[in-house]
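Structure, as structure tokens:
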Amino acid sequence: MNYKNLFTPVKIGSVTIKNRFALAPMGPLGLADAQGGFNQRGIDYYTERAKGGTGLIITGVTFSDCEVETQSMPNCPNSTYNPVHFIRTSKEMTERVHAYGSKIFLMMSAGFGRVTIPTNLGEFPPVAPSAIPHRWLDKICRPLTKEEIRSIVKSFGDGAYNAKRGGFDGVEIHAVHEGYLLDQFAISMFNQRTDEYGGSLENRLRFAKEVVEEIKSRCGEDFPVALRFSVKSMIKDWREGALPGEKFEEKGRDIEEGLEAAKLLVKYGYDALDTDVGTYDAWWWNHPPMYQEKGLFRPYCRMVKEVVDVPVLCAGRMDDPDMALEALENGECDIVSLGRPLLADPDYVNKLRSGKIEEVRPCISCQEGCMGRVQEYSMINCAVNPQAARERVTAYEPILKPKKVLIAGGGVAGCEAARVLAIRGHKPELFEKNGRLGGNLIPGGAPDFKEDDIALADWYQTILKKLEVPVHLNTTVTKEDVLNGNYDAVIIATGSTPKVFSLGDDEHVYTAAQVLLKEKDCGEKSVVVGGGLVGCELALWLAQQGKQVTIVEALDKLLAVNGPICHANKDMLERLVPYNGVEIVTGAKVTGYKDGVLHMGTEKGMRELECDSVILAVGYQEENTLYHELEFDVPEIYLLGDARKVSNIMYAIWDAFEVANHI
């Protein structure tokens, strides 16, 4: 038990938590019903993480007040909605969570303020402490009145009281964190008030102080109240965030004021600080993509822990158990919060406790299934775990008779299909033409910041071996192999091939995959043709190695196609590329490459670029030849992954799960 210290109990106020792991609060879109309670999907989702061993479950955000911002948000624990219904559905959920020895806190919010999601705003003006610009829209916010502030404070007391009646063990307040409404009051850049809620730090924290006092007065001093807290804002200017390592003047809350605020907030009565850094103006900090280092909040949590005497929670890509143990033993935090890692694998904690860490399905920090789907479809899910937040509707289907199934292709679609078929009791057999499983995960995972792509490929290899699925590497399946194999069903998941075209001197024109896999040496000066996700990540990786790189994109901006990419990932990558010295040429079409010179046409005429190589990152095309050879000869045949339609990892895995779960 190398990780035994991670399984020691810890207290938040009067509540004892059985281990040092918490489910970090994440947007709960899709987990509520129309009456403000938890739907069956939400109850199953939180219960599954408790069943997986997590000591503390913190729900996604609920609004204590649903009148001032007058927007439809999931769950509402106070009398504005239907408190009896909220209590009833909460009780059903908390009883199930408690059956596994876990504790559960309800996250409660004062509102969005200037960071309100545009699709939720409607015609109502956004609110804020002062008349300041909205984060997303070209609108000026309406300052809250003191009467509205007091009504929100009262709603926290009502909501926490109903949460306690519903079986919750405590609440977490959202938050003096990430630039939400309470944080806007706490930051002088946003709070320009001259009344008792503006001016000094104590005045700017008055709103948060009144919230905890109201909850304690209604629920008792022994009812824990934690706080989501950002110790530093990372704001360069309005709507402009800082990058890691960038020198800038902090316009929001700096560390000195952040630590003073932490001490005051604990003095006011908060029982724990769930600590990170960032705001929505720099939101790749609070929602860190793979371009952020793992454990990025650890140094900030240590600073907070050194000045307060309540538990400090630390999230931020903390899925490495060695890192989690080190953070705990080095005094950086008391509890490790796992958000996306518990989407990817709800059994993370139990697998770690039982010595099966190699079986933990890794989060790849793509944010496609979580933040991306929250933003675009108001649903929280997971790219690598199709069952996340859909536990009941995607439960494994029982079978009546095992089928022998051939799977051609060992990318994520083929691997996921084999995994699901084997779990259900079928007899899959997988064939992969290359020397290892993973498909496009392998070149895609070549940059250091994409290491979890390789971890996912390794996970599939481990799981398929555990499930005793026959895997044949370096084997290309033919039509005859399929027809002579006596298979009951066939899955074609043969992937895609990079699009290529001739530029003249093709000896020094490579595909992105060839460079990523180090099959080709691109030299010291390269041009990447294509400014999509692959091209931008490749250019960033080469620039970080000291290469001189130019991106040439035919459209008028980078990352313009194959979206939607999660905005936190997209916004950070868009800024990282030029920050690392990559030259960007948009609205340009390459016409030829000869004698080390790339020729291209732009709006301003022809342009030439000297370079050692040209790297094509212009997309992929489906490889479905085998499917078309077989589609009229095999009664039960399926086409999956990029072979069906070039897309992202999420849809390759999701489609494979859907098909394999119903064969």
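The values are calculated or read from the model by the stated rules, or taken from the named source; none is laboratory data. Being a predicted model, the structure only gives us computed values, none of them experimental. For neighbour counting, all protein chains shown are included, and Cβ atoms are generated from backbone atoms with ideal geometry for every residue, glycine included. Just the protein is used for accessible areas: all its heavy atoms, side chains included, with ligands, DNA and RNA removed. Shrake-Rupley method; radii C 1.70, N 1.55, O 1.52, S 1.80 Å.
Looking at the range 596-609 only, could you name the residues that are out of contact with any Leu (no Cβ under 6 Å at 6 or more places or on another chain) and surrounded by 12 or more Cβ atoms within 10 Å (Cβ to Cβ)? Matches in the range 596-609: G596, V597, H599, M600, G601, T602, R607. For the range 621-663, the tally of residues that are more than 17 Å from V420 (Cβ to Cβ), among the aromatic types (F, W, Y) and either in contact (Cβ under 8 Å) with a residue 40 or more places away in the chain or touching a helix residue (DSSP H, G or I) at 6+ places or on another chain (Cβ under 9 Å) (or both) stands at 1. Taking the range 231-266 as the range and being assigned to a loop (DSSP other than H, G, I, E, B), among the hydrophobic types (A, V, I, L, M, F, W, C) and buried (at least 20 other Cβ atoms within 10 Å of the Cβ) as the test, the residues that pass are V231, M234, A242.
Exactly one residue out of E397, E451, E429, E368 is open to solvent by 30 Å² or more (accessible area, probe 1.4 Å) and either of a type in the set (K, R) or under 14 Å from the mean Cα position of the chain (by Cα) (or both), and it is E368. The single condition among (1) touching a Leu at 6+ places or on another chain (Cβ under 8 Å); (2) at positive phi that Q367 does not satisfy is (1). Taking the range 102-147 as the range and being open to solvent by 40 Å² or more (accessible area, probe 1.4 Å), within 30 Å of G220 (Cα to Cα) and in a helix (DSSP H, G or I) as the test, the residues that pass are K146, E147. With the structure loaded, tell me whether A315 is in contact with a strand residue (DSSP E or B) (Cβ under 9 Å, 6 or more places away or on another chain) and touching a residue at least 60 places away in the same chain (Cβ under 8 Å) or whether it fails that test. For A315, the condition - in contact with a strand residue (DSSP E or B) (Cβ under 9 Å, 6 or more places away or on another chain) and touching a residue at least 60 places away in the same chain (Cβ under 8 Å) - is met.
Residue under question is T462, and the condition is that it be among the β-branched types (V, I, T) and open to solvent by 30 Å² or more (accessible area, probe 1.4 Å); does it hold? Considered against the rule, which asks whether it is among the β-branched types (V, I, T) and open to solvent by 30 Å² or more (accessible area, probe 1.4 Å), T462 comes out as yes. For the range 83-101, filtering for residues that are farther than 22 Å from I215 by Cα, open to solvent by 10 Å² or more (accessible area, probe 1.4 Å) and part of a helix (DSSP H, G or I) leaves 4.
As for the range 367-387, it holds no residue that is acidic (D, E) and either in contact with an Asp or Glu (Cβ under 9 Å, 6 or more places away or on another chain) or assigned to a loop (DSSP other than H, G, I, E, B) (or both). For the range 556-595, filtering for residues that are open to solvent by less than 70 Å² (accessible area, probe 1.4 Å), without any contact (Cβ under 8 Å) to a residue 60 or more places away in the chain and over 19 Å from S613 (Cβ atoms) leaves 9. Restricting attention to the range 465-476, the residues being open to solvent by 20 Å² or more (accessible area, probe 1.4 Å) and either under 30 Å from L542 (Cβ atoms) or in a loop (DSSP other than H, G, I, E, B) (or both) number 7.
In the range 396-412 there is no residue matching the filter, namely being hydroxyl-bearing (S, T, Y) and within 30 Å of E537 (Cα to Cα).
Entry remark, the range 163-188: residues being farther than 30 Å from E92 by Cβ and surrounded by fewer than 19 Cβ atoms within 10 Å (Cβ to Cβ) number 1 in total.
Out of all the residues in the range 614-621, is one or more open to solvent by less than 20 Å² (accessible area, probe 1.4 Å) and within 30 Å of W283 (Cβ to Cβ)? Yes, some residue in the range 614-621 is open to solvent by less than 20 Å² (accessible area, probe 1.4 Å) and within 30 Å of W283 (Cβ to Cβ). Taking the condition in a helix (DSSP H, G or I) and open to solvent by less than 40 Å² (accessible area, probe 1.4 Å), does A160 pass? Spelling it out, A160 is indeed in a helix (DSSP H, G or I) and open to solvent by less than 40 Å² (accessible area, probe 1.4 Å). When the range 559-577 is filtered for residues that are among the small types (G, A, S) and part of a loop (DSSP other than H, G, I, E, B), the ones remaining, listed by number, are A560, G563.
When the range 190-230 is limited to residues that are among the basic types (K, R), over 32 Å from the mean Cα position of the chain (by Cα) and open to solvent by less than 60 Å² (accessible area, probe 1.4 Å), the one that is farthest from I12 (Cα to Cα) turns out to be R193.
Inspect the range 36-53 for any residue being open to solvent by 10 Å² or more (accessible area, probe 1.4 Å), over 17 Å from D347 (Cα atoms) and of a type outside the set (D, E, K, R) and give the result as yes or no. Scanning the range 36-53, I find at least one residue that is open to solvent by 10 Å² or more (accessible area, probe 1.4 Å), over 17 Å from D347 (Cα atoms) and of a type outside the set (D, E, K, R), so the answer is yes.
For the range 434-455, the candidate set comprises residues that are out of contact with any helix residue (DSSP H, G or I) (no Cβ under 6 Å at 6 or more places or on another chain) and of a type in the set (A, V, I, L, M); within that set, the residue that is farthest from T497 (Cα to Cα) is A455.
Reported count of residues in the range 488-544, each being buried (at least 21 other Cβ atoms within 10 Å of the Cβ) and among the aromatic types (F, W, Y), is 1.
Of all residues in the range 383-393, count the ones that are open to solvent by 10 Å² or more (accessible area, probe 1.4 Å) and closer than 14 Å to A656 by Cα. Result for the range 383-393: 1.
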